[in-house]
Amino acid sequence: MTDTLSVRDNRTGRDYELAITDGTIRAADLKQIAVDDDGGLATYDPGFVNTASCRSSVTFIDGDKGVLEYRGYPIEQLAEHSTFLEVSYLLLNGELPTADELAAWTHQVTHHTFLHENIKQFIQGFRYDAHPMGMLMASVSALSTFYPDASDISDSANRQLQITRLIAKMPTLGAFAYRNGLGKPYVYPDNGLSYVENFLAMLFKMSEPRYESDPRIVKALDVLLILHADHEQNCSTNAVRSVGSSQVDPYSAVAAGIGALYGPLHGGANEAVLKMLRRIGSVENIPGFIEGVKAGKEKLMGFGHRVYKNFDPRATIIKKACDDVFEVTGVNPLLAIAKELEKIALEDEYFVKRKLYPNVDFYSGLIYEALEFPPEMFTVLFAIGRTPGWLAQWSELVQDKEQKIARPKQIYTGTRTRDFVPMDQR
Ligand code: SDX
């Protein structure tokens, strides 16, 4: 037995041998399977449901077994023993840092949290009710104009500097967007605080000299950021890689990722889950709502996943984190609806047949709401968490000699050549 695929083209009777590598065949190898000079075969895969776009060593997922590993470390162990900045270092560098490396990395990130003052005016240009994700996407894109040197993506030290700036500045941008919506003064970073403490202070500090966070809340938020840090070739990472393949600067590539994450089928699902739970309103309304979903009227937000077909390991961890947070904030009344909805869905043939289980977004919104974030900010929190993952994947793309500018083919279904029709003949 050899790692090859024997293919017979019944249109010509010709046989072909295609190499099988890492469980794939190269789409380019199909081009040789041609009739006359028709250019040969290509693959057609809407949404890339069964297409590998790259080789990556950042994150491994086994959807059937509910396995998620960052650089080989199981997410359960990282959530329990690590911190978001340590996990960011791991994703970006491939190994856990030594104490000195972590101290240097933390120092670097801490001292890049400030934004150019003009960014404040830029953010103040938005209406009070502008969605923070739209503001985040725009302001991250705007950062590329403040750091024109970022376009030199071939220089590794320069890439490292821009990566550090982005990871450091995302919480500041998110907090400024949040404060803009409330008409509250912007709170500048406090370099005496940890990454998460500083983020909470920039969000919620008022006239007190220094904002004091509850350590249990800080820990829960740090775990949530770890859980969102990367997830192999999801929609937003694919956007970062696709835009990054044109060799644009990392701010513009990450802005594209933010745009993809904004969508309700992706990162926007956590906001949609909370609005769905509020709309259901009580446990008694669940059966009627489920019937509507089964009738195809809407989706059960926070359920289903392209890869996980049994359970999302992150949802399991977040469900546990709920208890820690609710110990501080009091139980979110929507939790009872969420738990009953999960119970019913897991027993209902419609969902079981389609392998629909709670994903990372199903419970995270309950924690964010308990931490007094408005639903519009939930996906901003997801974006802050996902930034090191996007950048680790972008950095891998830039150094991957096999990668080219992303430019897929199409199946043309339109009208072919025809002559222009003058107005008086239309
Ligand atoms: C994230 O890719 C990642 O890794 C993403 C993510 C990450 O960390 O980056 O994990 C984060 O985005 C999690 C997913 C958050 N999105 C939601 O919770 C939105 C609701 N879920 C769906 O829209 C859906 O499940 C997706 C988008 C998550 C996955 O969609 P797929 O893999 O393209 O599956 P599909 O749409 O082809 O669905 C298969 C069937 C369909 O039914 P039929 O047409 O066969 O009858 O399942 C149905 C779908 O209608 N279905 C749902 C459903 N999800 C799928 N029906 C009701 N409710 C749902 N939530």
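The values are calculated or read from the model by the stated rules, or taken from the named source; none is laboratory data. Quantities reported herein were computed from a predicted structural model and do not represent experimental measurements. Counting neighbours? That spans all protein chains shown, and the Cβs are built from the backbone with ideal geometry, glycine included. Heads up: the accessible areas ignore ligands, DNA and RNA and are worked out on the full protein's heavy atoms, side chains in. Shrake-Rupley method; radii C 1.70, N 1.55, O 1.52, S 1.80 Å.
Couple of notes before you dig in:
- Checked against the criterion of being over 24 Å from Glu396 (Cα atoms) and touching a Lys or Arg at 6+ places or on another chain (Cβ under 8 Å), the stretch 47-56 has no qualifying residue.
- Any chance Glu86 is within 18 Å of Asp230 (Cα to Cα), open to solvent by 30 Å² or more (accessible area, probe 1.4 Å) and either modelled with pLDDT under 95 or of a type in the set (Asp, Glu) (or both): yes
- Within the stretch 385-407, being surrounded by fewer than 21 Cβ atoms within 10 Å (Cβ to Cβ) and either within 15 Å of Leu173 (Cα to Cα) or in contact with a helix residue (DSSP H, G or I) (Cβ under 8 Å, 6 or more places away or on another chain) (or both) holds for Val398, Gln403, Ala406.
- Listed by first and then second residue, the pairs linking a residue in the stretch 355-367 that is over 8 Å from His305 (Cβ atoms) and assigned to a helix (DSSP H, G or I) to a residue that is β-branched (Val, Ile, Thr) and within 10 Å of the ligand (Cβ to nearest atom), with Cβ atoms under 7 Å apart and 6 or more places separating them unless they lie on different chains, are Asp361/Val273; Phe362/Val273; Gly365/Val273.
- Candidates Ser282, Ser245 - the one that is under 30 Å from Arg407 (Cβ atoms) and either small (Gly, Ala, Ser) or more than 15 Å from the chain's Cα centre (by Cα) (or both): Ser245
- Taken over the stretch 156-189, residues that are open to solvent by 40 Å² or more (accessible area, probe 1.4 Å) and among the polar types (S, T, N, Q) amount to 2.
Rundown of residues vs (1) of a type outside the set (A, V, I, L, M); (2) away from the ligand (no atom under 11 Å from the Cβ), yes/no style:
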| residue | (1), (2) |
| --- | --- |
| Val273 | no, no |
| Met276 | no, no |
| Ser282 | yes, yes |
| Ile290 | no, no |
| Ala295 | no, no |
| Lys299 | yes, no |
| Phe303 | yes, no |
| Phe311 | yes, yes |
| Arg314 | yes, no |
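- Exactly one residue among Phe378, Phe382 is touching an Asp or Glu at 6+ places or on another chain (Cβ under 6 Å) and either surrounded by fewer than 24 Cβ atoms within 10 Å (Cβ to Cβ) or in contact (Cβ under 8 Å) with a residue 24 or more places away in the chain (or both), and that residue is Phe378.
Results for (1) farther than 29 Å from Gly304 by Cα; (2) out of contact with any helix residue (DSSP H, G or I) (no Cβ under 6 Å at 6 or more places or on another chain); (3) not in a strand (DSSP E or B), shown as yes or no for each residue.
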site	(1), (2), (3)
Leu5	yes, yes, no
Leu18	yes, no, no
Asp29	yes, yes, yes
Asp38	yes, yes, yes
Gly47	no, yes, yes
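- Residues of the stretch 348-374 that turn out to be within 15 Å of the ligand (Cβ to nearest atom) and out of contact with any Lys or Arg (no Cβ under 6 Å at 6 or more places or on another chain), as a count: 16
- Checked against (1) of a type outside the set (Asp, Glu); (2) open to solvent by 70 Å² or more (accessible area, probe 1.4 Å); (3) free of Cβ contacts under 8 Å to residues at least 60 places away in the same chain; (4) under 16 Å from Thr237 (Cβ atoms), Arg71 passes all but condition (2).
- Residues of the stretch 391-426 that turn out to be assigned to a loop (DSSP other than H, G, I, E, B) and out of contact with any Leu (no Cβ under 6 Å at 6 or more places or on another chain), as a count: 23
- Within the stretch 19-29, the presence of a residue that is surrounded by 12 or more Cβ atoms within 10 Å (Cβ to Cβ), on the phi > 0 side of the Ramachandran plot, at pLDDT 95 or above and away from the ligand (no atom under 16 Å from the Cβ) is excluded.
- One residue from Ser213, Ser242, Ser194, Ser141 being among the hydroxyl-bearing types (Ser, Thr, Tyr), open to solvent by 10 Å² or more (accessible area, probe 1.4 Å) and within 16 Å of the ligand (Cβ to nearest atom): Ser242
- Qualifying residue in the stretch 252-261 (condition: within 16 Å of the ligand (Cβ to nearest atom) and free of Cβ contacts under 8 Å to residues at least 60 places away in the same chain): yes
- Of all residues making up the stretch 118-138, the number that are outside any helix (DSSP H, G or I) and either touching a residue at least 40 places away in the same chain (Cβ under 8 Å) or crowded, with 19+ Cβ neighbours inside 10 Å (or both): 5
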